[in-house]
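Enquirer: My questions all concern the structure below.
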Amino acid sequence: MSTPSKDRSVGPVDIQQLGLVASILSLGYVFWVVGAMEMVERLAYYGVRSVAGLYAKTPLSEGGLGISPSEIGTILMIWSGFQGFVPIFVGGLADRYGYKLMIAISTLVKIIGYLLMAAFTSFWGFLAGAIFLATGTAIFKPGIQGTLVKCTNRQNSSMAWGVFYQTVNLGAFLGPLMAGMMRKMSWHYVFLTCAGIISLNFLLLLTYREPGLEERLERERQHKESKKKRQSLLSETLSELRRPELCVFLAIFTGFYFMFNALFDVLPLHVDDWVDSRDVVTRVSQTLNIENPIVGFVMILDKTKQYIQPEGIINVNSGMIMLTCFFFAWISSKMRILRSIALGTTLAALSLFLVGLSTAGWTALGAVAIFSVGEMLSSPKFGEFIGGHLAPDDKKAMYLGLGQISFAVGSTLEGKIGPFLYDHLASKERFSRQMLAESGMPAWNIDQIPKGEAFNRLVEFTGQAPDTLTHLLYTNHPVSHMWFFMAGVGLVTALLILLYSFWLQRRVATSRSGSVR
């Protein structure tokens, strides 16, 4: 079993980080190639993931799947499960057989996923596409992040992970813009465009040089000459997972990913149902011409140009990270790594609490902005801590794959629980059906209303204005409760991270004194 690495989180800073400019200039050619590949992958991925819930709840008559939030939750749960658990077992494959090969395989699998989504407009067709897409993403991550760890060092690692995260979010910012434009024409075009975009990674692979290739080949040569039976990848992986420093941290960070994924899985539904973004559009129109196609494209306005589409609100997250992550990476480099993660988790939790307080467009934008700062202080540091501080040099991809356990458990649970809670505590569709029954519409008539169209029927049946009914439904139901629950999960996680840092500090000190072997 590997011995624990020296951990920067237990002291002020054990290796001095380079300055802002020096860190950026020290990043080599391979770093920028993998950054470009991750950007392309994220552009395509978030082109679908940012609108998956909206596509699923859109009525069949408008080209969507026409399913309930709970059914959406089933798809998201399985999607997250494959995406999170597969890296646990394939991360070591990248270490053994090469990062380049695994990246190429993942790209092919993801193309199949997007094409399945385009070809089969049904619950099962979309689920099949999601499984392929999730599996391809799972294979992709360890190779990319393993390359990142190999081509950086402890003097520039904080900035490297921050800039990498910033580059990634350029793709995550452009993906929803593309999806917002394409879905106005047809949902079909969203998936086909994403398949074309991810294909660009085959071109980038032609310029990719795998770091540590000579060392990997030399290990293979020595292993063949020794004729010793190699430990199975599964047993080797499980052996590393038993390290207390690793397994305890992964268990705690599950809470972060549970809270984190609510922003992308549930907040678009909340914005679509409850948030009135006309206040934002009105203010922007005082300084910019919203009739300008570029302004409408960047803001992701709806066809009436009165509202910002949900993906436009969420896209503030990627936009902020794309523009400012290098700055927050520099700030976090001055902090102990686990303190930065705990602070970021706290800010993200408080932002979700803010979501539950108001339906104003500016409040929603402010909440996403605060969440983004929290994400920049925490999420990149997770990869840096796992790959740069806990992982042995010959098991970087394996550890980064194991790091996906937190994502797997947290996002899988949220994928089902988040939409389920929304369906029962905050669904406008559900509340509209209840109000139709209370207003005298026969039950058999309500049952015949296609999913996703209950609110429009309520407007017709009562004759009241949509704004009036929305306000009435919001004030008479506990919509905010689910966001307070998500925020609570985040705050508990932040506290546990701080307790873990104190525990780890004592454990490392004891190990250095010779009490722990």
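Enquirer: Restricting to DSSP H runs of at least four residues, report the calculated mean residue ellipticity at 222 nm for the chain, -39500 (n - 2.57) per run over all residues, nearest 500 deg cm²/dmol. Spell out each step's value before the answer.
Expert: Working: 25 runs with 391 residues, N = 517.
After summing the helix terms and dividing by residue count, I get -25000 deg cm²/dmol.
Enquirer: With a probe of 1.4 Å, find how much accessible area the stretch 106-214 has per residue, and write the answer as a whole number in Å². Kindly include the intermediate steps, with their values, before the conclusion.
Expert: On the way: 3780 Å² over 109 residues.
Ligands and nucleic acids excluded, the result is 35 Å² per residue.
Enquirer: Then there is this: Quick check on packing: order 326-333, 124-131, 242-249, 337-344 by the mean number of other C-beta atoms within 10 Å, highest mean leading. Before the final figure, lay out each step's value.
Expert: Details: 326-333: 21.0, 124-131: 18.5, 242-249: 16.1, 337-344: 24.1.
Highest to lowest by the protection proxy: 337-344, 326-333, 124-131, 242-249.
Enquirer: Here is a further query. Can you run phi through the Karplus equation (6.51, -1.76, 1.60; θ = phi - 60°) for the stretch 447-457 and list ³J(HN,Hα) in whole Hz, with x for Gly and Pro?
Expert: Those phi angles translate into 5, 7, 6, x, 4, x, 10, 5, 5, 4, 5 Hz.
Enquirer: Is there a pair in Lys184/Lys451; Lys141/Lys416; Lys57/Lys303; Lys305/Lys451; Lys57/Lys110; Lys141/Lys428 whose C-alpha atoms are over 28 Å apart, and which pairs would that be?
Expert: Lys141/Lys428, as the Cα separations exceed 28 Å there.
Enquirer: Please turn the phi angles of the stretch 323-339 into ³J(HN,Hα) values with the Karplus equation 6.51 cos²θ - 1.76 cosθ + 1.60 (θ = phi - 60°), one per residue in order, whole Hz, x for glycine and proline.
Expert: Coupling constants for the stretch 323-339: 8, 10, 4, 4, 5, 6, 5, 5, 4, 5, 5, 8, 10, 5, 4, 6, 5 Hz.
Enquirer: On to the next question. So what does log10 I(q)/I(0) come out to for the stretch 298-443 at q = 0.18, 0.19, 0.21 Å⁻¹, using the Debye formula with one equal point on every Cα and no solvent?
Expert: -1.21, -1.27, -1.36
Enquirer: Could you please state how large a percent of the accessible area of the chain is carbon and sulfur, counting protein chains only and using a 1.4 Å probe? Please report the intermediate quantities before stating the final value.
Expert: On the way: 13450 of 20720 Å².
It is 65 percent, rounded to a whole number.
Enquirer: Oh, and also: If the chain were replaced by its equivalent ellipsoid, with semi-axes equal to the square roots of 5 times the Cα gyration tensor eigenvalues, what would those be, largest first, whole Å? Don't jump to the answer; show the numbers that get you there.
Expert: Working: eigenvalues 340, 120, 98 Å².
Working from the Cα gyration tensor, I get semi-axes of 41, 24, 22 Å.
Enquirer: Take every Cα pair under 8 Å in the stretch 263-321 that's 6+ residues apart, average their separations, divide by the length, and report that relative contact order as a whole percent. If you can, show how the numbers build up before the last one.
Expert: Values: 41 pairs, mean separation 23.1, N = 59.
So the answer I get is 39 percent.
Enquirer: Quick one: Karplus J couplings for the stretch 354-371, per residue in order, coefficients 6.51, -1.76, 1.60, θ = phi - 60°, nearest Hz, x for Gly and Pro?
Expert: After applying 6.51 cos²θ - 1.76 cosθ + 1.60, I find 5, 4, x, 8, 7, 9, 5, x, 5, 5, 4, 5, x, 5, 5, 5, 5, 4 Hz.
Enquirer: Could you sort the peptides 192-202, 475-485 by per-residue average Cβ neighbour count (10 Å cutoff), highest mean leading?
Expert: Numbers: 192-202: 19.5, 475-485: 16.5.
Answer by packing, highest mean first, reads 192-202, 475-485.
Enquirer: Can you pull the Rg over Rh of the stretch 397-442, Cα-only, Kirkwood? Numbers along the way, then the final one.
Expert: Details: Rg = 18.6 Å, Rh = 13.2 Å.
My calculation puts Rg/Rh at 1.41.
Enquirer: Sequence gap at least 6, Cα distance under 8 Å: using those rules, report the relative contact order of the chain to the nearest whole percent.
Expert: Once divided by the residue count of the chain, the mean separation gives 26 percent.
Enquirer: How would you classify the stretch 414-475 from its alpha-carbon gyration tensor, with a ≥ b ≥ c the square roots of the eigenvalues: rounded for a/c under 1.5, else prolate if a/b is greater than b/c, otherwise oblate? Display every interim value, and only then the final one.
Expert: On the way: a/c = 2.31, a/b = 1.45, b/c = 1.59.
Oblate.
Enquirer: Once amide H atoms are placed 1.01 Å from N in the peptide plane, what residues at a sequence separation of 5 or more from Leu301, or on another chain, have their amide H within under 5 Å of its amide H?
Expert: Gln309
Enquirer: Taking Cα centroids, how far is the stretch 377-446 from the stretch 54-78 in Å?
Expert: Centre-to-centre (Cα) distance: 15 Å.
Enquirer: Taking only protein heavy atoms into account and a 1.4 Å probe, give the accessible area per residue of the stretch 390-450 in Å². Working shown, then result.
Expert: Numbers: 2230 Å² over 61 residues.
Result: 37 Å² per residue.
The values are calculated or read from the model by the stated rules, or taken from the named source; none is laboratory data. What you see is a predicted model; the values in this text were computed from it and never measured. Quick reminder, even Gly has a Cβ in these numbers, built from the backbone with ideal geometry, and neighbours come from all protein chains shown. Calculation scope for accessible area: heavy atoms of the full protein, side chains included, ligands and nucleic acids excluded. Shrake-Rupley method; radii C 1.70, N 1.55, O 1.52, S 1.80 Å.
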